[in-house]
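Below you'll find the structure, written out as structure tokens, and then a few comments.
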Amino acid sequence: MTDSAFFDGIIKILFVCVIITAAYIITTKNLITLVRVYALQSLTLVFIALALYWYEGAAILLEIALITLVFKVIVIPYFIATVQEKIRIKRDIEFHFLSPTSSLLFSLALMLLVYITLSRIFQDTLAKGSIGTPLFFGAVIGISLVLMGMMVTFSRKKAITKVLGYLSMENGVLLFGLFATELPFIIEFLIIIDLVILILLTTILTVGIDSTLEEYHNRLHRFYLWEEQEESP
């Protein structure tokens with residue numbers, strides 16, 4: 001088996017893993033499962049970047065794989081899981097506009113539309129055969145992942161779920177960048193910094209998102225963000 005054929009087979013398997021994780025993020029209601037699936041999706045992107053590094057030898061791919069592993073597989077999922085445990089919200093069962101089944105069907109339609117559109121744009125790339133095919137499907141799945149993450153952001157009610165939708169969108173941008181554009185390491189680094197800031201702000205707001213004022217104060221107590229001081233007599 002040649003290097004290009006082996007690379008093509010590995011990339012196809014990883015693409016399937018990305019699609020499966022995206023489908024889980026769209027349909028699952030358990031927040032702990034959502035965090036784990038997001039971490040698995042990010043880990044899949046790490047393997048894709050490593051496969052591209054093995055095939056192309058560009059050092060920037062190894063750097064992107066490392067920073068993605070540290071932040072998106074370890075740090076961000078751990079932070080979200082910790083906050084989710086503190087606020088004691090385990091499930092997001094309410095959906096806007098689309099149910100889990102209709103969301104999945106709509107995602108398949110979006111992916112088909114992206115495939116048809118990009119097949120006309122990437123005609124020259126597809127003509128290159130085994131080398132052009134992964135580039136094309138990387139672009140298709142990357143854009144589809146962005147749209148699917150956007151759908152999660154608009155269709156779910158819990159703030160943590162919306163954050164995970166946004167993070168899934170960023171995974172799609174990264175996947176598209178790995179195959180269709182040159183993504184400098186500094187840009188990816190800045191994107192991750194922005195994501196960390198977003199999560200810090202959004203998860204704090206999540207503490208009282210679905211509670212009364214009294215419950216909101218009680219939840220802030222668990223985060224040590226609100227402390228009532230007794231007045232001295």
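Tabulated results
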quantity: Chain lengthening between Phe47 and Ser4 when straightened (0.36 nm per residue, less Cα-Cα); calculated: 13.8 nm
quantity: Computed label-point distance, nm, for sites Glu56 and Thr181 using a 7 Å Cα→Cβ extension; calculated: 1.4
quantity: Estimated FRET transfer efficiency (Leu66, Thr33; beta-carbon r; R0 35 Å; 0.05); calculated: 0.85
quantity: Estimated FRET transfer efficiency (Lys157, Lys12; beta-carbon r; R0 30 Å; 0.05); calculated: 0.25
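Quick note: the coordinates plus some simple rules give every number you see, no bench work behind them. Quick caveat: nothing in here was measured; it's all calculated off a predicted structure. As a convention, Cβ positions derive from the backbone with ideal geometry for all residues, glycine included, and neighbour counts pool all protein chains shown.
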